[in-house]
Each structure stands twice: as structure tokens, then as C-alpha cells.
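Report on the structure given below.
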Amino acid sequence: MTNLTDLGIAAIRKGVVDGEFTATEVATAFNAAVAEAQVSLNAFIVITPEKALEAAAKIDADRAAGTPLGTMAGVPIGMKDLFATHGVQTTAASKILEGFMPQYESTVSQKLWDAGAGMLGKLNLDQFAMGSSNETSAFGNVVSPWRRPNDTAPLAPGGSSGGSSTAVSARLAPAATGTDTGGSIRQPAAFTGISGIKPTYGRCSRWGVVAFASSLDQAGPMARDVTDCAIMLEAMAGFDPKDSTSLNLPVPEWTANLSGDMKGKKVGIPREYRLDGIDPDVAKSWDDGIAWLKDAGAEIVDISLPHTKYALPTYYIIAPAEASSNLARYDGVRYGLRDLPDGAGLQDMYAATRAAGFGPEVKRRIMIGTYVLSAGFYDAYYTQAQKVRALIARDFTEAFKLCDVILAPTAPSSAFALGEKSADPLEMYLNDVFSVPASLAGLPAMSVPAGLDRSGLPLGLQVIGKAFDEQGVLNASLALEQRAQFTARPAKWW
Amino acid sequence: MSVDTATVAKIASLARIKVSETELQAMVPELNGILAWVEQLSEVDVTGIEPMTAVIPNTQRLREDIVNADPLTGGDRRDAVLANAPAPEHGFFGVPKVIE
């Protein structure tokens, strides 16, 4: 008997369609895995086993009736708690939204349900997606299923999509949604040995996704392998008139066109990413990736992205600026928490509500954003950052005249321990050094597992593509996946 | 540019976040650390560069001027709009008294 929780999206759908097992059996198996891991891993904020079973029952009935089944039929997934789900608490992992019950469904989650997926629950994350380790959640840290050998110290699952990465790598879900503002899909995927893609900005609707930094936020899938990511991204993407930045383009058939053959393709290696003092295991996995893509037929070319070192400071002006504006809506009036001290007026209520509802990292970013947008500082910080962002995007445009895709590490290290970097915000920010540039340029980028480092923890490789060329990114990622032969998984301790 | 306690208090007030004296003292070095680090952007030559306004070229759309074209976001949804309000009153959002 197949262990159903070992299966990914494609295998589950095929098994359900072929009648090898029922969607209800799949949902039951994953519901049990979720429940068993909840105390130790804390991947979910809310679990919804009844939703998973309800969706599965519909698929089983559709199959019996001969109704055509969707591309995600019978696949129960985890939904990052940044997507509004009708009647199911949506918090962005913040106390300020505790108890918030959306009266509507986000476009992306609705598309997944329409494709036949079911919901296992709402996944934990860094508060308002601000963090790289899942330590800023108001609902407790998510713990990675991975551990160092002979060491029980809890490790970070990455962030902000840490509930998603833990759920997929611990086999609590075959796939999960993520969102990526500066690396929040790719870095957690790398930390936990799974795959994840952030598509071109505008591919997936932001309607019903709790906003962090609107010019950067993009949803994407996190799953076991490249094929599953392609299937799920196809289900998530598409034009949505309710999102003013949604791309009015048809969704390509990424899955049908998957190919790991890189003949005739040029892969750029950005020299500025080879930082002084780069972790030797990260450098080695990058070299492995270069060899694998050569083996797949690609030509390797040296490229330059001269403004790379300015990407992080640019990001840490633009993202907080947009966040300070987006998060102004949490005022204790229309939804969410209200803190009304005795005798307080309206202004005092706003200030008390926001003080009580936001966590320290969220406050820090709102404060930075407020400062860089304030009169007298706007040009020096914000306008300058928007100009440097244009230069960073131009670097990529120039580089893509010489190559089809870019290969780089996903993160500068493997997973760190919880608490290891949380004392110093700057040190935490530096973890996004390789992922932020593609976000600033709105480009599709994917992380796939490359191997294990000296402490037995996964390392990811990142493929960055031209705008709209998710296919090129998926194909190069597939070529890497076929050669990395990554089969390691965390030993079950939870 | 570095910030002092008074400036941080001013920012907190602009951001409508109540901060205690202790929090204020802790925020000053933290914000200064971050601001000193982002300061390096001033060394980039941006002569002739327009600030980026859209990362992927796109055109601004207007929705069709049709009443309730999308029932989810159209009118007659008062109860749904108020469903999550902390203090709804008589079909309105309730707030503390603002006029003496």
C-alpha cells in the first residue's frame, strides 16, 4: 500500500483519477499527519480538516458521476494565512487580525478550489510576511522538521512562508501556497529541501492577499518538485480585473512544455553574487549546479549585475515605505483588534490599537517606512531608492542580452537555529541577499534543492528568468532537479 | 542622517503607534543602525535615471461603469462590510466621540 502522504500533486491526482485510491482517503491521511505534527511543528494557525474532507467528497462524487476532474483534483493543500478565505480566520500571523473572518475568498485560493484542491488549514508565517525565520509570528515559531545530526536545537524553516515550507517538507501537505516579497517563497524552500517559484510580478492576482509591499508581493506554489510547482502555478495564475497590476495575458501551458533539455540555452553566472567569505558549501553547490546545467547542454556565460550590493538597502527602504502605507488600514475601526483605553479619543484609540496589535518587527518597518516617506526625507531615501531600483532592473535587462536564465544560490547559508539571528534585525535582513534583486526587478525566480551541506541540511539553487519566462525558469530548474537527485528528507521526530 | 529620541517619538506619532519611554529608547539605536546601512544608496550615481514606478510595464485599467457588475464587491453588502467591525452601531462603524 502506497503511503499517501509521500505523494505529490501529480501522483495524487493520477491515483484519484485512475481509482487507485479516493480523494477522501488522501484527505484523511494528510489530516492525520497535520494533527499529529501540530504541537511540535506549529505549521498551522488554523486547521480545517472538514474543508479538506468536503472538497475530497466532491471530487469522489464527480469522479463517480463521470464529471471531468480539475488539474488539482483530490489534492489537499496548505493555504498561507495571508490569503483571505471565506469564513475561515485570516490573520497574517498578527494579533491585530485575530478573529478576522473574511467575507470573501481571495482570487488565488478560489482558483485552487475551482481546480479541485481542498484546504488542510491556514499556514503560519512571519507576521505580515515580514521576516526570514518565522520568528515574528504572533502565533508562535514554526519549527523546521530538519535537525542537525545529534542535535535537537529547533531550526528555522525560513520565512516568511515558513509554515508552508515546514508543511511540505514534513509531508503534512503535498503542496502549499506561498507569497514572495523579497524571497519569502524561495528562501524557506531552500531551507527545507523543497521547490518553490515566484512568478513574474502580476501573474497571480493579489486580490484578497493581505498586502505587505504591493509593488513586490507575488504569490506562488511550494511543492515537492518542479512538475508539481508547474501544475499548481498554472492553477493559481491568470488575469484578474480586481487587481490593477494583474497581467492581462493568457496562462501558458507550463506543465505540458516542461523540458530539462538545455541545448542552445545560455546560463548566466553573476560574478557579484560570489561574495567574499561565501560559505564553502554554498559555493560548492553553486559549482555543482553549473556542472549540471552544462551536462544538460547549456552554455555557461559570465555576467555582471553591478548594482547587486545595493539591492538589500533599496529593498529595506521600498518595502517598509509601502508597508507603512498599506498597514495604515489597521485602525481598530473597520475590522480586527480595537484597544480603547478609558476615556480615550479617536487618535488615542488608533495609537493604542496599533501598539497592542502589531509585533516589534512590524512596528520597526512601519516606523522606517514612515520616516523615509516623511517631509524632508522623501527624496533622499524613497526617490533615491526608486532610482536605484530602476538601475537594478536595468542590470538584469542588460544581463539577459547575454543569457536566457541566471543561476545563483538561493540563500547565503543553510537553515540557522531559531533565536540565532533574531536579536539583530540587520543580520536577519542579510539572509535575503540573493533573493531580493529578482524581487525588485519583478522577475520569475525559483528555488530547487541542490544537496545537503556539511551539517546535513538542505541547500537550494536559484534560477532567475526574464519577465514572463516562467517556462525558462521551470525548465532550467527541472534540469537541475534531474541531476541533483535530491531524495533526502527529515527523519521523523515529531 | 541619524535620529534622536524626539525624532523617533515624532515618527511614532505620525505612524499612530503608541510607544513607551523604554520602547523609544530601544528603537533609537535600532533605527539608526538600519538608517546608517541604507545610507550607502546615496553613493550610487543616478544621474538621468527616472525613479521606477512600475516594475512590469502595464497599463492602468478602469473597470466597466456597471453597477454591481461583481456582486462580491458591489453594493448592498452592508452587513458583510460590518461583519468584522469591533463596534458596529445601527449599521455604521462605531468610534469614540470626536466632537465635544
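Throughout, read-outs are computed from the coordinates displayed, never taken from laboratory work. Keep in mind that what you see is a predicted model, and the values were worked out from it rather than measured. Positions of Cβ are backbone-derived with ideal geometry, glycine not excepted, and every protein chain shown enters the neighbour counts.
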Being surrounded by 15 or more Cβ atoms within 10 Å (Cβ to Cβ) and touching a helix residue (DSSP H, G or I) at 6+ places or on another chain (Cβ under 8 Å) is the filter; apply it to segment A:243-264 and report the residue that is farthest from the other protein chains (Cβ to nearest Cβ). A:Gly260
How about segment A:1-78: which helices (runs of 4 or more DSSP H) wholly inside it have at least 3 residues that are within 24 Å of A:Trp494 (Cα to Cα) and within 22 Å of the chain's Cα centre (by Cα)? A:23-41
Of those in segment A:380-409 that are assigned to a helix (DSSP H, G or I) and β-branched (Val, Ile, Thr), the residue farthest from B:Ser42 (Cα to Cα) is A:Thr397
Among the residues of segment A:309-331, is there at least one that is facing chain B (nearest Cβ under 7 Å) and part of a loop (DSSP other than H, G, I, E, B)? no
Out of all the residues in segment B:69-78, is one or more within 24 Å of the chain's Cα centre (by Cα) and surrounded by 12 or more Cβ atoms within 10 Å (Cβ to Cβ)? yes
When you go through A:Leu443, A:Leu430 one by one, which is the residue that is over 20 Å from A:Leu275 (Cβ atoms), of a type outside the set (Val, Ile, Thr) and either more than 9 Å from every other protein chain (Cβ to nearest Cβ) or in contact (Cβ under 8 Å) with a residue 24 or more places away in the chain (or both)? A:Leu443
When you go through A:Ser455, A:Ser439 one by one, which is the residue that is within 19 Å of A:Lys284 (Cβ to Cβ), of a type in the set (Ser, Thr, Tyr) and not in a strand (DSSP E or B)? A:Ser455
Of residues in segment A:342-379 being at the interface with another protein chain (Cβ under 7 Å from one of its Cβ atoms), assigned to a helix (DSSP H, G or I) and hydrophobic (A, V, I, L, M, F, W, C), the one surrounded by the fewest Cβ atoms within 10 Å (Cβ to Cβ): A:Leu346
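Quick grid of which residues meet (1) closer than 21 Å to A:Gln127 by Cα; (2) in contact with a Gly (Cβ under 7 Å, 6 or more places away or on another chain); (3) not charged (D, E, K, R):
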residue	(1), (2), (3)
A:Ile317	yes, no, yes
A:Gly343	no, no, yes
A:Leu346	no, no, yes
A:Ala375	no, no, yes
A:Ala399	no, yes, yes
